[in-house]
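Participant: Would you mind keeping the following structure in view while I ask a few things?
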Amino acid sequence: MRELPQVEILRRVWVHQYYWDSRGTLRWREGNALPPASLRFDSPYDTDAHYCVKRGTAWRGYRVHLTETCDDPERPSVVVHVATTISTVQDGELTERIHDDLAEGRMLPREHVVDSAYVTAGKIERAQRVHQVELLGPLDRDHSHQARARQGFDKSCFAIDWDRHEATCPQGHTSTGWGPMRSGGHEYLQVGFDRNTCLDCPVRSQCTDSAVEPRSIALLPRRLHEIQTRNRLDQATEQWQHHYAIRAGIESTLSENVRVHGLRRARYRGVRKVHVQHVLTALACNVTRIADWLDTAPHARRRATRLHTLCTSAAANA
């Protein structure tokens, strides 16, 4: 019996949801006592469906990522790629996969407009290097307290000399340390300044909050740093924002598929079957759009209902 998959699933569900306390009493796990959502089964009937929260919306199930055309305003925009994952897979993890799938299907765009969750300096560099695709999306802003407050000296105020491996602060002092650093699974360069020089600096309060430690900055590798700096400057311009506004079209596509074609309701169990549903849903959306685009015949105006006539006349007399 123990070797049956159904029994093993049931055992894991009980381990995830309940525990024995010190008195030997069976207790229900609450809050932080639960396993991570990526490991936890929330239903024994579908072990691929996981709990997730995004922007205040909570659900149990999956995530779907749609890619559509948007280059020709005279033709209908159609969905060309659908990716389905468990709900705990973050959006940014799909960027490379989407590009690889589009390349395999020979449908790579010259420019791919995405949400901020799908773009980093590293992803921009890879899209250019591997697929010759311009990945367009807003990069995260500098999260230092100087940049957030728009006061003091943030990272952009420092001049970087990559050949000499040194940085110059706004007061003209050069760094004394330059070395690799790893944080959050990413590689950085940590640049530090002399302690005594920083302590004697007349504008120290605009540079660091530390009482005794010197200022240090973390830089991405040169190629990624240059991409990050250029994109952050570009996305602050009105021209960039006007061009990026085309991405709003995918929001209407998602809304159409959710409200008209039932995209949000999984009709099957398991990520593979749900992916088939998502593909068929996107196909239905494409067929509808193409049919509407091809249909040029004028349509007779429908007769207004009595309720509509009553509401119209009431509004006119108000």
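Participant: Semi-axes of segment 150-292's equivalent ellipsoid from the Cα gyration tensor, sqrt of 5 times each eigenvalue, largest first, rounded to whole Å? Provide the component values of the computation, followed by the final result.
Facilitator: On the way: eigenvalues 505, 71, 41 Å².
Square roots of five times the eigenvalues give 50, 19, 14 Å.
Participant: If you don't mind, there's one more thing I want to ask. Under a cut-off of 25 Å between alpha-carbon atoms, report the lysines in cross-link reach of Lys155, not counting same-chain residues fewer than 8 places apart.
Facilitator: By straight Cα distance, Lys155 reaches Lys123.
Participant: I've got another one for you. What size of dipole, in debye to the nearest 20, comes out for the chain about its Cα centre when the only charges are +1 on Lys and Arg C-beta atoms and -1 on Asp and Glu C-beta atoms?
Facilitator: So the dipole magnitude of the chain works out to roughly 1480 debye.
Participant: Could you check the simple spin-label distance between Leu39 and Arg269, using points 7 Å along Cα→Cβ, in nm with one decimal?
Facilitator: For Leu39 paired with Arg269, the spin-label model returns 2.4 nm.
Participant: Hey, fewest Cβ within 10 Å first, where do Met107, Met1 land in order?
Facilitator: Arranged by neighbour count, lowest to highest, Met107, Met1 become Met1, Met107.
Participant: A follow-up question, please. Give me, ordered by chain and number, the residues 5 or more places off Glu134 or on other chains with an amide H under 5 Å from its own placed amide H.
Facilitator: When sequence neighbours closer than 5 places are left aside, the close amide H contacts are Glu111, His112.
Participant: With mean projected area of the Cα convex hull in nm² defined as stated, name the option among (1) 30.4; (2) 18.7; (3) 15.2 computed from the structure displayed.
Facilitator: Comparing each candidate, only (1) matches the computed number.
Participant: Treat every Asp and Glu Cβ in segment 194-253 as -1 and every Lys and Arg Cβ as +1, leave all other atoms uncharged, and give the resulting dipole magnitude about the Cα centre to the nearest 20 debye.
Facilitator: Details: 8 positive and 8 negative charges, 40 e Å.
Result for segment 194-253 is approximately 200 debye, rounded to the nearest 20.
Participant: Okay, moving on. Under a point-charge model restricted to the Cβ atoms of Lys and Arg (+1) and Asp and Glu (-1), what is the dipole moment magnitude of segment 1-138 relative to its Cα centre, in debye to the nearest 20? Write out the running numbers ahead of the final one.
Facilitator: Numbers: 18 positive and 21 negative charges, 167 e Å.
Rounded to the nearest 20 debye, it is 800 debye.
Participant: With bins 5 Å wide starting at 0, give me the P(r) of segment 145-223 over every alpha carbon pair, in whole percents.
Facilitator: 3, 15, 27, 25, 20, 9, 2, 0
Participant: Now for a separate question. At 7 Å along the Cα-to-beta-carbon direction for both Ser156 and Val203, put a label point, then send me their distance in nm to one decimal.
Facilitator: 1.6
Taken together, the values in this text are just the output of simple stated rules run on the coordinates, not laboratory data. Keep in mind that this is a model prediction, so the values were computed, not measured. Methodologically, a virtual Cβ is constructed for each residue, glycine included, from the backbone with ideal geometry; neighbour enumeration extends over all protein chains shown.
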